[in-house]
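Below: the structure, in structure tokens.
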Amino acid sequence: MLVTKTIDQFNIARKNLKGSVGFVPTMGALHKGHLSLIQRAKEENEHVIVSIFVNPTQFLEGEDLDKYPKKEEADMEICKLAGVDVLFVPTTNVMYGSDELKILAPKIKGYILDGFNRPRHFDGMLQIVMKLLNLADPHNAYFGKKDAQQLSLINKMAENYFLRSKIVPCDIVRDYDGLALSSRNVYLSQDEREMALSIPSSLQKASQIIISGKLDAQIIKKSMIDILEKNVSSIEYVEIVNRDFEILDSVELKNTIILVAAKVGTTRLIDNLWI
Ligand code: AMP
């Protein structure tokens, strides 16, 4: 595995990859969720590139940029064992200059839900994904459904900017107890983790209601909120949208995503279920 840090090093490594390339951008502190994306990229491409970069422009003032978990050596080992060809680990100075041209998320879909609670987060996310896709120039780029709104906006950017890479959505990987894997789970104490389990439980409840034939969004959201209220510190949103992120009154089978964002202690967690 080639570890590259500068644009020149990366460009040389990229040029030497002949054949199809799969790309997995991450912020590191790798877990089995990331690994599933890397494995899928391995299966579907001749070469795999992974990037690790904690992107400052997608963090808001007061968020966890400075304490975002870092596990450089373990990450490198995971990538090596997974058969990654090129690992890109740039610094902020490598990725950003001064007075940069910006990419703005769409006015509505970029500023609802996570974009409402974290204004400009998606601008920064799209900016770094655009930079990384331009550098890696992959045939396929792999993103988790865990970050459903992120995935939807990346798809929109790919469409609006005529990007050549295919955006491949990947299923959510959960821990043994049902909690969606996230680099931020390390912030949770044992007690908080117990409480955080109400998030996947609320999604399971939603699934049971839908299976029983009730598709009304208000009924589903109410029972989810009942479960969450008893456990989490604050609910940021419980929402039911279609794959285009339009809010639904009624579940549309095969075209619905049920979304939760909540804080447990000071840790913000998101999770969702694709129906
Ligand atoms: P991050 O390092 O959190 O920016 O995540 C990098 C990529 O991994 C994103 O496309 C995420 O959606 C994806 N990802 C994170 N957690 C999971 C998970 N539990 N299951 C599947 N994909 C995930």
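The values are calculated or read from the model by the stated rules, or taken from the named source; none is laboratory data. Please read all numbers here as calculations on a predicted model, not as lab measurements. Glycine gets a Cβ as well: all are built from the backbone with ideal geometry, and neighbour counts include every protein chain shown.
General observations
- When restricted to residues that are hydroxyl-bearing (Ser, Thr, Tyr), in contact (Cβ under 8 Å) with a residue 60 or more places away in the chain and within 23 Å of residue 93 (Cβ to Cβ), segment 1-33 contains 2.
- If you filter segment 114-154 down to residues that are over 13 Å from the mean Cα position of the chain (by Cα) and among the acidic types (Asp, Glu), you find that the one that is farthest from residue 17 (Cα to Cα) is 123.
- Check on residue 55, at pLDDT 95 or above, within 13 Å of the ligand (Cβ to nearest atom), more than 15 Å from residue 1 (Cα to Cα) and of a type outside the set (D, E, K, R): yes
- Selection over segment 127-139 of residues that are in contact (Cβ under 8 Å) with a residue 24 or more places away in the chain and away from the ligand (no atom under 13 Å from the Cβ) gives a count of 8.
- Residue 67 more than 13 Å from the ligand (Cβ to nearest atom) and at negative phi: yes
- Unique match (being within 14 Å of the ligand (Cβ to nearest atom), among the small types (Gly, Ala, Ser) and touching a Leu at 6+ places or on another chain (Cβ under 8 Å)) among 110, 144, 124: 144
- Selection from segment 2-39 of residues that are buried (at least 17 other Cβ atoms within 10 Å of the Cβ) and either away from the ligand (no atom under 16 Å from the Cβ) or more than 16 Å from the chain's Cα centre (by Cα) (or both): 4, 10, 13, 14, 17, 21, 22, 39
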